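The values are calculated or read from the model by the stated rules, or taken from the named source; none is laboratory data. Just so we're clear, the structure is a prediction, and the values are computed from it rather than from any experiment. All Cβ positions, even for glycine, are placed from backbone atoms using ideal geometry, and neighbour counts span all protein chains on display.
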Amino acid sequence: MKTTIKQLIGLTGCLTLSFGAADHAFAQLEEVIVTAQKREQNLQDVPVAVSTFSEEQLKNQTIQEFSDIQAQVPGLAVRTTHHDPSIAQVSIRGQQQADFLLTTDSSVGVYVDGVNLPRQAGLNANMFDIERIEVLKGPQGTLYGRNTTGGAVNVITNKPDFDGMHGFLEGAFGNENFTQLSGAINIPLADTVAARLAVQKTDRDGWGQSRFNGNELYDQNELFFRGSLLFEPSDRVRVLLQTDYLDIDEGGAVEKLLQPGGNLTNGLPFTGALSAGTELLGPDASFADQVNAGYAALERFVDGDLLAPDADADSYAEATLYGGGLTVSIDLTDEIELKSVTGYRNWETEQLLDMDGSPFVLLHPILAVDADVFTQELQLLGSTERLNWVFGGFYSREEGVDGSRTIAVAALNPTRNITEGLVTNTSWAVFGQGTYTISDSLNLTAGLRWTEEKKELTNKNRLEVAATGDLIGCRVPPGNIPLDQCSVDSSDSFSDPSWLISLDYRINEQVMVYASNSRSWRGGGQNLRADGDDLAAAEPFAPETATSYEVGLKGDFADGLLRLNLAAYYVDYEDVQRTIVVPGSAQGSVVTVLTNAAEAEISGFEAEAWLNPTEGLTFSATAGYMDFEYVDFDSLGQDGVTLIDRSDESISLPELQISLSTRYETSIGDNDLGLQVDYFWTDEYNTDPTSVLPDAVTQEAFGLWSARIDYRFGNGYTLSAWGKNLADETYITDTTDFTGNLGWTTGVVGPPRSYGITLNKKFGRD
């Protein structure tokens, strides 16, 4: 692995030597401004691997959901799962979220206008009225805090301005009765006050349907609202108040039965198959005959055209999210700015999942979360002739309830478990970072952050009669005690530093190389799913850390016609949080827990290129290669006794991803024509690394085509035709392997081909 990273570093150096001789002024490609380091900078001056999307790029590439951007960002993967299609599971450079509970954290920080979103509920539902998106890769703990071991995502929305009344109206219509109506308006209310209002309504029929009951799946019904108010009482004071609201009502994820497995020794499988066997053969048939008939009934759905073998349950995902932010900026002097960013978010979600993927009611959990978070950040930013710096402090408090219950056949499961976790997460931090100009060509950047957090959990876990819903006892703690005392309290605290040190050297005005070392950590927590006597087996898990070494090159060549950004990295990944099996308190029993089970090394290479060979024509390409290797990963086998070495286990991410794009624009009289074609290819990946049937859960390499045609009329109207996944590729984004306990494997199916037209009308300014 060390050889690989050395080769990548060498390649970067060769490219520097090859292109660095060209000393031409910036020409064709536009300057891209980002705020990755808490201040406005040219993208090509930032010594961090950053991918960006402008509002125009988002429209040109028909990016309608957050998951769409993964096709254009090397090292980024966004998955939707069984839980909720509107939840975006974001990973960067191989670092993934281990679970979705309130007691666990993401490895990628997401910020909307500077306000941290600790949970990605609803993130995949809306990409509307966005000024730009910045994807920062590698540990970003100094400026963005814990839970940024993989990186951070900045979403910057359009703000009010004083440039008169302006806005747009837009209607989009497509297959599956897709309808999306959008609009935004900017209104100066006074010389010092301006407002912006944006609204979007989305409806779409489900593109998956149960073959058992005809239920639609992944139908889409969303309503989004954002309001902003800007107050500028003087040249030195700027106050921005924002609020937003999102309501989601969707059918459950579209799933496919991949592998039925099943035999009389697998435990629950034969009880599930018994339902079909009894129906097919009658109650008087032998037990074995009923089982065999049940599995025969399942076989016809494997790898066929079945989407979402939803049983009696009507899977759904519902969410209501709202919040806001208050940003106050004060220029204390010409060189020093004081900024306060206050945020509040609330989200309520509920999902019913058909996890067994069969025509039987075996595993249909209902998951519900009701939580809110308050955040406050203070920043003091300044600059001198040679030094740009920022100091600050951060505080957050998250409170919520995370609960679940499972619907199952009462005859097979006479009692069921009701889990409810009362969670309180608090965190505070102080940080500082500065960039010192050593010479006209050389800059040194250094930063340090200290974070402390406390996580508190009240774990309530009770039993109820499946047939009646009557509560009958406790599982936490076990024993004959009052139902109102079925709870166990736990509290854990964590603290750790994050740091960054980097050097960047400008070979000439157009080419910069850099090298950096950074460290960040992801918070620890408690195992919410632990219950009964096995609560002791679920010890709190500690933070994981990522220490990254990165070299890169950013340059404009050939008189600004070519832009090339390269990065090579190596990550030492310690105390990796993974789900493993440990012995339970009862003889022969096992418990599934989240713990610090592994050590890993990650190395990779990323490249982004843009070429303007002639006016109106642009080519772009990205490539990301990642090598993820466990150094140590031990866990118990499915028997709960045998210790197995899982160090050769893969992760659910591809080694190689490539994207290609081309856009051509030309004028036709007073009108403009734009043509866009995009292609995204991904290497094979294992959708469930813990599966005992790797062939069943391996998604083979595939490619996705998309295209768009825009015709802009001189009167402010734009008519567009677009299509996504034009070849109608079928692929799996996530799987759950129930071979060991239910007897089959299910997978979440990615979106099929979609197409439509969009009519946009701008008014006010051009």
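Yes/no per residue for (1) β-branched (Val, Ile, Thr); (2) outside any loop (DSSP other than H, G, I, E, B); (3) at pLDDT 90 or above:
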{"site": "Phe168", "(1), (2), (3)": "no, yes, yes"}
{"site": "Gln180", "(1), (2), (3)": "no, yes, yes"}
{"site": "Ala198", "(1), (2), (3)": "no, yes, yes"}
{"site": "Gly214", "(1), (2), (3)": "no, no, no"}
{"site": "Arg238", "(1), (2), (3)": "no, yes, yes"}
{"site": "Glu250", "(1), (2), (3)": "no, yes, no"}
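Within region 423-436, identify whether any single residue is touching a Gly at 6+ places or on another chain (Cβ under 6 Å) and modelled with pLDDT under 90, and answer yes or no. The answer is no; no qualifying residue exists. Taken over region 599-620, the criterion of being among the acidic types (Asp, Glu), surrounded by 15 or more Cβ atoms within 10 Å (Cβ to Cβ) and modelled with pLDDT under 95 is satisfied by Glu599, Glu601.
So, in region 26-67, exactly how many residues are out of contact with any helix residue (DSSP H, G or I) (no Cβ under 9 Å at 6 or more places or on another chain) and assigned to a helix (DSSP H, G or I)? Matching residues across region 26-67 total 9.
Selection of region 218-228 for residues being crowded, with 17+ Cβ neighbours inside 10 Å and not small (Gly, Ala, Ser) yields Tyr218, Asp219, Gln220, Glu222, Phe224, Arg226.
Exactly one residue out of Gln638, Gln676 is at pLDDT 95 or above and of a type in the set (S, T, N, Q), and it is Gln676. The residue that is modelled with the lowest pLDDT, among those in region 303-329 that are of a type in the set (A, V, I, L, M) and closer than 20 Å to Asp113 by Cβ, is Leu321. Is it the case that some residue within region 37-44 is at pLDDT below 90, on the phi > 0 side of the Ramachandran plot and surrounded by fewer than 23 Cβ atoms within 10 Å (Cβ to Cβ)? Yes: one or more hits. Every listed requirement among (1) over 20 Å from Leu442 (Cα atoms); (2) at pLDDT 90 or above; (3) among the β-branched types (Val, Ile, Thr) is met by Val488 save one, (2). Could you grab me the full set of residues in region 49-67 that are of a type in the set (Phe, Trp, Tyr) and within 16 Å of the chain's Cα centre (by Cα)? Answer for region 49-67, where residues must be of a type in the set (Phe, Trp, Tyr) and within 16 Å of the chain's Cα centre (by Cα): just Phe66.
With region 69-142 as the region, which strands (runs of 3 or more DSSP E) entirely inside it contain at least 3 residues that are farther than 26 Å from Asp575 by Cβ and in contact (Cβ under 8 Å) with a residue 24 or more places away in the chain?
It comes to 130-137.
Out of Pro478, Pro482, Pro540, one residue alone is modelled with pLDDT of 80 or more and not aliphatic (A, V, I, L, M). It is Pro540.
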